[in-house]
Amino acid sequence: MIRLHHVPFSRSFRVLWLLQELEQSFDIIEYSIRDGSLRAPDFMAHSPAGRVPALEIDGETLFESGAIMELLCERHPEFGLGRAPGHPDRAAFLQALNFAETQASLIEQLNLNHVFLRDPADASPVVIKLNTMRLTQTLRATEAMLAGQEFLLPSGFSGADIMMGFNLFAAPYFVPLDPFPHLRAYRQRLETRPGYQAARARDGQQDFYAKDFYPVPGGA
Ligand SMILES: N[C@@H](CCC(=O)N[C@@H](CS)C(=O)NCC(=O)O)C(=O)O
């Protein structure tokens, strides 16, 4: 039995996409960030920080999308999504996997400030500006990684692309991708994957964003 605890359009999408790429059967339990369900004791028993993804698999529950990515790629080497010790791309694989979380944590800060704070809390224009600049820098770095190759690693599509690919659907709410032609082409390449499309079909409705773009207050 495999069960994914999931919020639509959140980092748990990475695990949903991975499970589709690995052709696994699984159930989904859906939550919302807004309704307090991630702080319910039943959920906290699976994920002690109250975060998604949490994945019930083989009698244990795992959290942290990067750890789940590494572990499941290792358990299913026949799909070629991991890069085992000794592989020439091993270091680049681990680096990209973790770099994706650096980038996602900036998106998280922007989500908090732009869409999740409620009255009487005020978003901080300074924090928004800083995090937008920092997110832009990570996008520049990703653009450079993709120069001359189709995926993050020279050896082709991997779990690192699932980690990073997810970010590229959220980042454009805060930073336009127009100046990044490699990123735009990469995102389109990811969207054509049957595993991605099957995951999107099961993702559910996002309730984060009411607009297509959230600019820095007062200009960049
Ligand atoms: N590093 C963790 C981050 C997990 C995380 O923060 N998930 C967000 C959704 S993208 C969440 O559950 N947020 C709920 C909250 O902060 O209350 C991972 O990659 O799994």
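The values are calculated or read from the model by the stated rules, or taken from the named source; none is laboratory data. Since this is a predicted model, take the numbers as computed values, not measurements. With ideal geometry, Cβ positions are generated from the backbone for all residues, glycine too; neighbour counts draw on all protein chains shown. These accessible areas exclude ligands, DNA and RNA; they are computed on the full protein's heavy atoms, side chains included. Shrake-Rupley method; radii C 1.70, N 1.55, O 1.52, S 1.80 Å.
First check a/c for region 2-79, with a ≥ b ≥ c the square roots of the eigenvalues of its C-alpha gyration tensor; if it is under 1.5, answer rounded, and if not, answer prolate when a/b is larger than b/c or oblate otherwise. Prolate is the answer for region 2-79, as a/c is 1.5 or above and a/b outweighs b/c. In a DSSP loop and with at most 14 other Cβ atoms within 10 Å, the trypsin sites (Lys or Arg not before Pro) in region 179-220 are Lys211.
Across the options Ala67, Ser25, Ser10, the greatest Cα extent toward the positive end of the charge dipole of region 2-79 (unit charges at beta carbon of Lys, Arg, Asp, Glu) belongs to Ser10. Computed across region 172-213, the Kirkwood hydrodynamic radius from all distinct Cα-Cα pairs reaches 12.1 Å. Sparsely packed loop sites in region 4-40 (the GluC sites (Glu not before Pro) outside DSSP H, G, I, E and B with at most 13 other Cβ atoms within 10 Å) comprise Glu23.
With the cut-off at under 15 Å, measuring from each backbone N in region 83-103 to a point 7 Å along the Cα-to-Cβ line of Ala67 picks out 98.
Seen through its C-alpha gyration tensor, with square-root eigenvalues sorted a ≥ b ≥ c, region 94-195 comes out prolate because a/c lies at 1.5 or above while a/b is bigger than b/c. Carbon and sulfur: what percent of the chain's accessible surface (1.4 Å probe)? For the chain, the apolar C and S fraction of the accessible surface comes to 53 percent.
Counted as membrane-span-like here are DSSP H helices of the chain whose alpha-carbon atoms extend 24 Å or more along the helix's own axis and whose Kyte-Doolittle mean is -0.5 or above; these are 90-111, 125-145. Shape call for the chain from the C-alpha gyration tensor, a ≥ b ≥ c root eigenvalues: rounded (a/c under 1.5), prolate (a/b greater than b/c) or oblate? Oblate, because a/c is 1.5 or more while a/b does not exceed b/c. Extension gain, Ala144-Ala49: 0.36 nm per intervening residue step, less the Cα-Cα distance, totals 30.8 nm. The accessible-area ordering, largest first, of the residues Asp119, Asp89 stands as Asp119, Asp89, per a 1.4 angstrom probe. Taking 1 over the mean of 1/r across every pair of different Cα atoms in region 41-108, what Kirkwood radius in Å do you get? The answer is 13.5 Å. Please tell me the relative contact order of region 1-128 in percent, rounded to the nearest whole number, where contacts are Cα pairs under 8 Å and at least six residues apart. Rounded, it is 20 percent for region 1-128. Peptides 1-13, 61-73, 132-144 ranked from most to least packed, by the mean per-residue count of other Cβ atoms within 10 Å: 1-13, 61-73, 132-144. Below 8 Å, C-alpha to C-alpha, sequence gap of six or more: please give me the relative contact order for the chain in percent. Relative CO of the chain lands at 25 percent.
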